[in-house]
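The values are calculated or read from the model by the stated rules, or taken from the named source; none is laboratory data. The structure presented is a predicted model; accordingly, all values stated were derived computationally and were not measured. Cβ placement follows ideal geometry from the backbone for every residue including glycine, while neighbour counts extend to all protein chains displayed.
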Amino acid sequence: MTVLLRIFLILFVFGCTGHLQHLGVSAGANNMKISKSISFSTIDKEEATRGLLAAAQDLVIKDDEGNIVWDAMREVSDNLDNTYHPLLYELRSLERTPGLYEVCSGIYQVRGFDISNITFIKGVKGWIVVDPLTTTETARAAYEFFKKHRNAAEPISAIIFTHSHVDHFGGILGIVDEKVLRNCRIPIIAPKGFMEEAFSENILLAPAMSRRAEYQFGLVVKKSSKSMHSGIGITVPEGSYAIVQPTHIVSSTPTTMEIDGISFVFQYAPDTEAVAEMTFYIPKYKAFCPAEIVNRTMHNLYTIRGTKVRDAYKWSYFINEAHRLFGDAEICFFTHLWPMYGNNRIRELLEKQADLYKFIHDQTIRLANRGYSPNDIANMIVLPEALSNYMPNRNLYGTLRQNVRAVYQMYLGWYDGNPAHLDPLPDLERAKKYIEYMGGEESVLEKAKQSYDKGDYRWVAEVLNHLIFAKPNHVAAKKLLADTYVRLAHQSESGVWRNAYLSAATELIEGMQKAKSVATRGYHMLKNIPPEKLFDCMAVNINPQKTNGSNMAIKINFVDIKESYSLFVRNSVLHHTNLQVSNHRATLHIPYEKFVKLLLGIERKSTMIFDKDIRIEGSKIDLLKFFSMFDKPERFPIVLPHR
């Protein structure tokens, strides 16, 4: 059902039935009230350690240059000292032991080497790998650990990408060499739209999303137990990642495949946790892999690192579909955290998470139809106890408030209907006027201290954010705001909210850290995408001020892949075509991989003139001028004003 049709039906029913009864909650209600009696069950704790075959002691993973890319398995203190939310602390404690786990005879997982899990399924001739982690380095370490402790000499016979997020495919070259992939024709199975969505999220918006991900996963917080846990895993690794083109596409439900002698039943579940996503069931083991349409925690309809809003209605639908298709499952193994066992427990998980997303969807729309703003609705909705007290529905990763806002945004967009919010002043100018109207910086700071002493931390954060933007060098305000964020972090059930608050506190006091060199991290990703997608990346980096209103066309001939394209700037917009275009200022003959290195800055633009593998026809000056029109993405501030 399309969103437009859904809106029509909602309006029709609303018009016929009149006003629905209001939920009996107040605007100030917490998004999820926590009871001291709520904790992980004995069964949860047993399942977290079930099947451990080998523990990875003192796990530290480094790249080829000796840089640490994974060192998140530090011990957690047994002293809570009121700095951790009890449930988040308990979750972290359950994930103390990275290592190799037997899900059942024939299915194994390496957990704790990355934010996600890598799964190995025994086939007739080799091993079927599910979701080879985020980075080359962590995947390689996990694979070597698996082979060592399973004495697994058999080759990899197939690879499954459950969805289009980088933590589920980026480590592909850590388990299989590119030449082996090409020469051995290893089947790679992925959902329809996988390459397009992987490009959209992981490449097109990489500068913005990776910077914001530093806050989501606590990467700017000093490595200590302060950063704790992100809700679905410790944090994300900092190595290199890649992508390869799938050989088999799942585009319908059910899709049955025999993979290395094992029967798989796939469910195509688009527009859920990822735009391109699929689950699968293995009848031989009665084992269900839900990708991320169900989890041991509430997930995100919108992630704070920034993503396309996810469809709660479809998400609920596909969980219910999985319940109908795979309702006899005895094992549910996840791509994050640990498996769940028992048919009754798995059925309960599917039912309560389907109802979770449907409740959020329906109640957000109900209150939107009564005229409430997204911020009001986010503070009004409370889950029924049957859903809120169910551990996998807790706010350990995604949160109710941000998910409510996501539903509102999906249907009604960013504008809440109030004209005062239609065309607000820029953040910096607005902040200065707020501080002026509130009596000046010292008056605001004094009032903020009073609110801080009362524990009104959400309000203090809002007020001091204005003060910091108006007076970014105000030391006392920075310190108080940092202290406020730390307090909010300590109260946060959500790991990523905790990370965001601690990251903000860190950068307020220590300043924005210098960016690490990441030029080579995405190289293997970019060189394996089609040229058209690469040109789209270039287009979003063109700076109109640098074009000076000039129109220009150049031709690029990729000598290794035998493809030619015309790139032309018109009205400060970059276009590309493989059709013939006249009046090229220059023609660049270059290997595709070398072109990618030039764009990433791995090689300088001046090498185009001197490199023996590159040939230029026409004006070299115009060619260099063309490439000078593009901005180089820069690291940007978040808690301080952008100047």
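Under 21 Å from the mean Cα position of the chain (by Cα) and assigned by TED's automatic domain parsing to the domain that holds Gly112: is that true of Pro237 in this structure? Break it down into steps so the answer makes sense when it comes.
Numbers: under 21 Å from the mean Cα position of the chain (by Cα): yes; assigned by TED's automatic domain parsing to the domain that holds Gly112: yes.
Criteria met by Pro237.
Scanning the range 160-180 for residues that are farther than 21 Å from Lys122 by Cβ and either more than 22 Å from the chain's Cα centre (by Cα) or not assigned by TED's automatic domain parsing to the domain that holds Ser240 (or both), which turns out surrounded by the fewest Cβ atoms within 10 Å (Cβ to Cβ)? Ranking the candidates gives Lys179 first.
Screening the candidates Thr547, Thr587, Thr577, Thr607 for the property of being in contact (Cβ under 8 Å) with a residue 60 or more places away in the chain and β-branched (Val, Ile, Thr) yields one hit, Thr547. The sole residue among Ile616, Ile602, Ile621 that is touching a Ser or Thr at 6+ places or on another chain (Cβ under 8 Å) and either over 23 Å from Leu204 (Cβ atoms) or at pLDDT 95 or above (or both) is Ile616.
Applying a threshold of 6 Å to beta carbon distances and a minimum spacing of six or more residues, or different chains, the list of pairs starting in the range 191-207 at a residue that is in the same structural domain as Glu292 (by TED's automatic domain parsing) and within 22 Å of Lys632 (Cα to Cα) and ending at one that is polar (S, T, N, Q) and surrounded by 20 or more Cβ atoms within 10 Å (Cβ to Cβ) reads Ala198/Ser164.
Scanning the range 260-272 turns up one or more residues that are modelled with pLDDT of 95 or more, under 18 Å from Tyr317 (Cβ atoms), among the polar types (S, T, N, Q) and buried (at least 23 other Cβ atoms within 10 Å of the Cβ).
Of the residues making up the range 244-278, those that are more than 14 Å from Ile189 (Cα to Cα) and either of a type in the set (D, E, K, R) or not assigned by TED's automatic domain parsing to the domain that holds Gly171 (or both) are Asp271, Glu273. Checked against the criterion of being part of a helix (DSSP H, G or I), in contact with a Lys or Arg (Cβ under 8 Å, 6 or more places away or on another chain) and surrounded by fewer than 17 Cβ atoms within 10 Å (Cβ to Cβ), the candidates Ile609, Ile621 yield just one match: Ile609. Considering only the range 338-352, I want to know if a residue exists there that is touching a residue at least 24 places away in the same chain (Cβ under 8 Å), closer than 28 Å to Ser200 by Cβ and assigned by TED's automatic domain parsing to the domain that holds Lys122. Checked the range 338-352: no residue is touching a residue at least 24 places away in the same chain (Cβ under 8 Å), closer than 28 Å to Ser200 by Cβ and assigned by TED's automatic domain parsing to the domain that holds Lys122. Among the residues making up the range 364-379, those that are out of contact with any helix residue (DSSP H, G or I) (no Cβ under 8 Å at 6 or more places or on another chain) and more than 9 Å from Tyr408 (Cβ to Cβ) are Arg366, Arg370, Gly371.
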